[in-house]
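The values are calculated or read from the model by the stated rules, or taken from the named source; none is laboratory data. Note that the structure is predicted; figures quoted are calculated from it, not measured. All Cβ positions, glycine included, derive from the backbone under ideal geometry; neighbour counts span all protein chains shown. Just so you know, the surface numbers come from the protein's heavy atoms only, side chains and all, with ligands and any DNA or RNA stripped out. Shrake-Rupley method; radii C 1.70, N 1.55, O 1.52, S 1.80 Å.
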Amino acid sequence: MDHRCPVCRKAIVRRGLSQTIMIKLEIQCPHCKNMVAYNIHRIENTIVLLDFAAIVVLAAFAYWLQSRGLVVIAVAAALVGAAAMPLIERTWLRNWPRYAAIVQHPGA
């Protein structure tokens, strides 16, 4: 992914643990101080939603059938989904801009 600011084109380094856990949809560029928004690709949304749905369904069946094997499969589905995102970011979305400029309306 392209982690440069869309305004000043300088790299926005990944922040600490707080931004990894709780993603803010808007952040301030540390260089030019402009507000930029996360530019989330549709494939990212799709993968997260499908992975979450698979985990919920597998966990429900594991509870209903009292199956430890299905619990292991649900945990494996969670791990696969978590591993898929960085892999897709480095391959398919290599040139996708992570941040988009926020349009400031005059007088707002």
Does Arg90 satisfy the criteria of being closer than 30 Å to Cys5 by Cα, open to solvent by 60 Å² or more (accessible area, probe 1.4 Å), within 11 Å of the chain's Cα centre (by Cα) and charged (D, E, K, R)?
-> no
Do you know which residues across the range 75-86 are closer than 19 Å to Tyr38 by Cβ and either of a type in the set (A, V, I, L, M, F, W, C) or open to solvent by 60 Å² or more (accessible area, probe 1.4 Å) (or both)?
-> Ala82, Ala84, Met85
Selection within the range 34-68 - among the hydroxyl-bearing types (Ser, Thr, Tyr) and open to solvent by less than 60 Å² (accessible area, probe 1.4 Å) | Tyr38, Ser67
Boolean, Ile102 is at pLDDT 90 or above and of a type outside the set (D, E, K, R) = no
